[in-house]
Amino acid sequence: MTSQTSLIPSISYAELVHHDNDTRYMATAQLTQALKVYGACRIRDHGIPQHIIDNCLEKCEGFFAGTAGEKATDGTHPSARFVPFASEKIRGEAHRSEAMEFQSSVYEQAGKWSEQGRQLVDALKPFHEECNRIMVHLLDGISASLNLTRSLNAIHSKHNSFFAPYHYRFEDSQDDNNPLRVPPHIDPTTMLLCYQDSYAGLEVADLSNMSRNLSTTVIQKTATFIPTNCQPGEFVLLAGHILRRLVPDMKHSVHRVKRPVGTSGFHLNYWIIPDLDTGCDFGDKKEDVTEYMTRVFPAALQNTVQV
């Protein structure tokens, strides 16, 4: 359907961690309300230095300019996975992107890297650490706002956090003229933070009038997709399907990526999943995180080790 230009809510991270109780309470209430309505929001005032972000984008350029063989070899590292262009599919429709996914343990392990691979890992480390810092407070804020009996941070650790640059490009072919790079989908995560380049492209479904059937198939046919329209210095927070399983009041985000034809660039994505033995029952499905991930996205567990 036609996208609207309205913005999803913007939440101040600085207010989420403010020393004033009333300020903090209002910010956490805004955060949880945004996730109940859209499954998504924008995060501003996060405090990540711009030079860290710029360095990551610069090293992404060098890494993804390498050969397919170099990228695939780097992807054999125990805590890394290379996703070749258009190799992953949603309901038979390919993701028109390539990615390099890193689990947090990658920074502590020795290994053979291409020169571009090592530079990328070194650039991502401080960004990953900053996102871990932010995620702790986001999970705390949701837990406190909803008075959860079990803190979300009690079942999440930085070990099961991931960082992945996604490279969006168009093939050198007149046939590659569809701006849709990633079709509508939900993420098998607790939450994901996405930093977009200047071409952006991330759109989220307006779920404000939907409460029960949040299947991607239904939403793709009926919902309006809203450009996230991030302002400088903002991330997008996307609630994953696991969060909805853990906290039924939440909605998982349904989102897609559309880019202007011919534009190459990056999204820098950070996400987290719970400890693998955490139960995430939903309706009639009784399973833990390992069973859930094995069923819906086994590739994501390829290099994941429980500690």
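Starting from the Cα gyration tensor of the range 82-178, take the square roots of the eigenvalues, sort them a ≥ b ≥ c, and report rounded, prolate or oblate (rounded when a/c is under 1.5, otherwise prolate if a/b is larger than b/c, else oblate). Oblate is the answer for the range 82-178, as a/c is 1.5 or above yet b/c matches or exceeds a/b.
Within the listed set H137, H241, H252, the Gaussian network model of the chain (springs between alpha-carbon atoms below 10 Å) gives the highest mean-square fluctuation for H137.
Between A72 and A110, what FRET efficiency comes out of the Förster formula 1/(1 + (r/R0)^6) with R0 = 25 Å and r the beta carbon distance, rounded to 0.05? Don't jump to the answer; show the numbers that get you there.
On the way: r = 20 Å, r/R0 = 0.79.
With R0 = 25 Å, the Cβ-Cβ based efficiency is 0.80.
Under the shape rule built on the C-alpha gyration tensor, where the axes satisfy a ≥ b ≥ c, the chain is rounded, since a/c falls short of 1.5.
Only the Cβ atoms of Lys and Arg (+1) and of Asp and Glu (-1) were treated as charged; on that basis the dipole of the chain about its Cα centre amounts to roughly 700 debye.
Residue separation of D176 and I52 scaled by 0.36 nm, minus their Cα-Cα distance, works out to 41.4 nm of gained length.
Where a number appears in this text, it was derived from the coordinates with a stated rule and is not lab data. Everything quoted here is computed from the prediction, not taken from an experiment. Neighbour counts are summed over all protein chains in view; Cβ atoms, including those assigned to glycine, are modelled from backbone coordinates with ideal geometry.
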